[in-house]
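The values are calculated or read from the model by the stated rules, or taken from the named source; none is laboratory data. These numbers were taken from a predicted model, which means no experiment stands behind them. Glycine also receives a Cβ, built like all others from the backbone with ideal geometry; neighbour counts cover every protein chain displayed. Keep in mind that these areas ignore ligands, DNA and RNA; they rest on the heavy atoms of the full protein, side chains included. Shrake-Rupley method; radii C 1.70, N 1.55, O 1.52, S 1.80 Å.
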Amino acid sequence: MLEKDRLYKEADNAINWIKEYVEKAGAKGVVIGNSGGKDSAVVIAMASKALGADKVLTVSMPCQSIATDFDDAKLVADTFNTRFIKIDLTETFEIMVNEVNRALEDTQVSVESCVNVKPRLRMTTLYSIAQTYGYLVLGTGNLCEAMVGYTTKWGDSASDFNPIGNFTVDEVLAIGAYL
């Protein structure tokens with residue numbers, strides 16, 4: 001883990017990078033998947049600081065999720081005064097899996113595939129919103145997740161840019177405390 005003063009400087013650099021990236025892209029703001037967890041909370045805090053809360057839209061996208069996840073996401077959005085919407089993807093997920101199962105006839109969608117469908121639906125949702133508003137999708141994956149492969153290709157790993165992609169879990173937690 002980086003020494004605290006250096007880590008805080010790197011966090012401030014990431015915040016400036018968000019502002020510069022959005023300005024250079026000519027985007028009107030950012031959209032962030034808001035799970036209520038540490039990674040999305042830190043990215044939401046960074047984006048709010050970089051752009052102002054009015055240019056940050058956070059989206060809770062439950063998909064067969066537990067209710068407390070939504071409560072946590074709402075708390076994060078309220079804490080940083082960002083706009084917040086909920087799009088429940090449960091029915092969309094179930095319809096898709098049922099349609100694929102029906103088409104396959106001789107087999108069923110694997111459990112592993114179902115696990116990866118959910119983040120892909122979430123990313124599709126975020127990009128739909130981003131394109132509609134002229135926003136960029138801000139990623140929320142940390143370095144440890146990328147290093148161990150705890151990510152879904154064209155799912156939670158997809159974003160226009162990711163301000164915490166070079167930070168470990170411990171560093172993300174320390175940045176969260178700093179912010």
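In this structure, does Ala158 turn out to be in a helix (DSSP H, G or I), touching a residue at least 24 places away in the same chain (Cβ under 8 Å) and surrounded by 18 or more Cβ atoms within 10 Å (Cβ to Cβ)? Working first, answer last.
Values: in a helix (DSSP H, G or I): no; touching a residue at least 24 places away in the same chain (Cβ under 8 Å): yes; surrounded by 18 or more Cβ atoms within 10 Å (Cβ to Cβ): yes.
So Ala158 does not fit the description; no.
Does at least one position in the stretch 99-120 carry a residue that is closer than 26 Å to Ala25 by Cα and either at pLDDT 95 or above or under 13 Å from the mean Cα position of the chain (by Cα) (or both)?
Yes: one or more hits.
Starting from residues that are of a type in the set (S, T, N, Q) and open to solvent by 90 Å² or more (accessible area, probe 1.4 Å), keep the ones in the stretch 98-117 and report whichever is nearest to Gln64 (Cα to Cα).
Within the stretch 98-117, the first condition is being of a type in the set (S, T, N, Q), and the residues that meet it are 98, 101, 107-108, 110, 113, 116.
Add one more test, that the residue is open to solvent by 90 Å² or more (accessible area, probe 1.4 Å), and what stays is 98, 108.
Numbers: Asn98: 15, Gln108: 19 Å.
Among those that are of a type in the set (S, T, N, Q) and open to solvent by 90 Å² or more (accessible area, probe 1.4 Å), it is Asn98.
Residues of the stretch 1-58 being within 11 Å of the chain's Cα centre (by Cα) and assigned to a helix (DSSP H, G or I), which ones?
Lys38, Asp39, Ser40, Ala41, Val42, Val43, Ile44
Residues being crowded, with 17+ Cβ neighbours inside 10 Å and aromatic (Phe, Trp, Tyr): count how many of those fall in the stretch 6-44.
Residues meeting the conditions: 1.
How many of the residues in the stretch 121-143 are open to solvent by 50 Å² or more (accessible area, probe 1.4 Å) and either modelled with pLDDT of 95 or more or not in a helix (DSSP H, G or I) (or both)?
Count: 7.
Is there a residue in the stretch 76-93 that is open to solvent by less than 90 Å² (accessible area, probe 1.4 Å), of a type in the set (D, E, K, R) and in a helix (DSSP H, G or I)?
There is at least one residue in the stretch 76-93 that is open to solvent by less than 90 Å² (accessible area, probe 1.4 Å), of a type in the set (D, E, K, R) and in a helix (DSSP H, G or I).
State which residue is modelled with the highest pLDDT when the search covers only the stretch 144-155 and only residues that are in a helix (DSSP H, G or I) and open to solvent by less than 90 Å² (accessible area, probe 1.4 Å). Don't jump to the end; show me each part of the working.
Applying the first criterion (in a helix (DSSP H, G or I)) to the stretch 144-155 yields 144-148.
From the residues that got through so far, the ones that are open to solvent by less than 90 Å² (accessible area, probe 1.4 Å) too are 144-146.
Working: Cys144: 94, Glu145: 89, Ala146: 87.
Residue satisfying both the conditions and the ranking: Cys144.
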